[in-house]
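The values are calculated or read from the model by the stated rules, or taken from the named source; none is laboratory data. All of these numbers come straight from a predicted model, not from anything done at the bench. As a convention, Cβ positions derive from the backbone with ideal geometry for all residues, glycine included, and neighbour counts pool all protein chains shown. Heavy atoms of the whole protein, side chains included, go into the accessibility calculation; ligands, DNA and RNA do not. Shrake-Rupley method; radii C 1.70, N 1.55, O 1.52, S 1.80 Å.
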Amino acid sequence: MAAFTTHTPCQATPLHPNIKILTQNANTKTVHKATSSLHHYSSISSLFSQTKSTLFSNSGSGSSWLRHNPLHDDASSGSGSRQGPIYSVFRTKPAEVASVEDLFEFICSGPLVDKMGLTQEKVAESIDKWLFYGSKLCRLFQLDELYLTTPQKARFYHYYIPVFVWCEDQISQHASKFKDGEEIPPLVIGFSAPQGCGKTTLVFALDYLFRITGRNSATLSIDDFYLTAGGQAELREQNPGNTLLELRGNAGSHDLPFSVETLTALSKLTKEGMKMKLPRYDKSAYSGRGDRADSSTWPEVEGPLTVVLYEGWMLGFKPLANEVVKAVDPQLEIVNKNLEAYYDAWDKFIKAWIVIKIQDPSCVYQWRLQAEIAMRQAGKPGMSDEEVKDFVSRYLPAYKAYLPTLYSEGPNGSHPNHLLLIEIDEARNPIFGI
């Protein structure tokens, strides 16, 4: 894990004259603290060189907020992050002093601020942290912080950073339940979100922020627990004619005992020097049918772990009455039965939840198509339009059946105080929808 570096303002950099915006929104003491943070932070080129290669494959493909520039192939970092494309937007004219006069108001205008119970005063008091995180994310994604576009600002200051602040608060609440001297197991935060909506990139950004602030984190996906190729073949044989179980994806296609074993082991990673490997799945194996990756390629994480970021498209889905799922698709009946075992295997380990809500499940098809087109343009093998349609069609019945309950009641076993529900638009940005 990269070492945490303490950053101090560069004394040679003058305060921006437009900092007056902060004085209109907070008291003098807070203003002094907040404005001092608007100096440039010192270089993190050394840290960035260690972490820039850990971007997830396919993450953000087709997104308008970043210009795609794939530089690296898939791999894994020590924290379990998947490596992939680097995004780059560099200025083509001489640098000018960045305008920050609207940044405070921009942050406060975000759709998640009220949802998280943040007031303008609270944001002003912690503005140094927001700017620190924003500066780091700019360097992570190779964006010029002097020339962020509105979509880029929104992605960082309306989405990634507010979610990170929420996660930090959940971790503090979790730690407060333990007495001094007690070992504190890592908090498992579940991210339930449809495919293609940007959850993998979100998790990557959060993992990065945890690591640069000196906290060990691990990332997992439900994909990492798919059955082996042999297990998938047995599943197909046991369910002839059921297209929902013909390929990996739906409930029944995961190795649940392996999930329990892994999540239990992670919960015990509480001491320095303790290590374990995180499983990974190779989706390219067997002509795309996939298989569990060789354990020699699995990334290693070290204790003490602070947080486990666990993401998946069907995390938190609750079994429904048979007549409900059969009305959506008769093939869902066996999937619904399989889902009964998933609470004990997955959801009971998750103590805080982030649910990303989409307005229309058909967005999944468009997002997946964008990702495959981007892969083909980058010279990587990608599915054809028809293959994408077939692929997504195997997930849509579950979306139609289970998403309404997920959005109205929350994930299986969740508590309202430990649940953040975020509605996003077709551009994958949070909106004032909930």
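Observations on the structure shown:
- Any chance Leu278 is crowded, with 21+ Cβ neighbours inside 10 Å and over 23 Å from Leu339 (Cα atoms): yes
- Pair list, Cβ under 6 Å, 6 or more apart: the stretch 398-426 residue over 21 Å from Met116 (Cβ atoms) and assigned by the TED database to the domain that holds Lys351, other residue part of a helix (DSSP H, G or I) and β-branched (Val, Ile, Thr): Lys400/Val328; Ala401/Val325; Ala401/Val328
- For Ala345, the stated conditions do not hold, so it cannot be described as modelled with pLDDT of 95 or more and open to solvent by 30 Å² or more (accessible area, probe 1.4 Å).
- Looking across the stretch 132-150, not a single residue is touching a Leu at 6+ places or on another chain (Cβ under 7 Å) and small (Gly, Ala, Ser).
- Candidates in the stretch 333-358 are the residues that are free of Cβ contacts under 8 Å to residues at least 60 places away in the same chain and in a helix (DSSP H, G or I); of these, the one that is nearest to Leu220 (Cα to Cα) is Lys337.
- Considering only residues in the stretch 306-316 that are open to solvent by less than 10 Å² (accessible area, probe 1.4 Å), of a type outside the set (Ser, Thr, Tyr) and in a strand (DSSP E or B), the one that is farthest from Ile184 (Cα to Cα) turns out to be Gly312.
- Set Pro361, Pro299, Pro319, Pro330: member being without any contact (Cβ under 8 Å) to a residue 24 or more places away in the chain and open to solvent by less than 60 Å² (accessible area, probe 1.4 Å): Pro319
- Selected residue (criterion: nearest to Ile356 (Cα to Cα)) from residues of the stretch 176-193 that are open to solvent by 20 Å² or more (accessible area, probe 1.4 Å) and touching a residue at least 12 places away in the same chain (Cβ under 8 Å): Pro185
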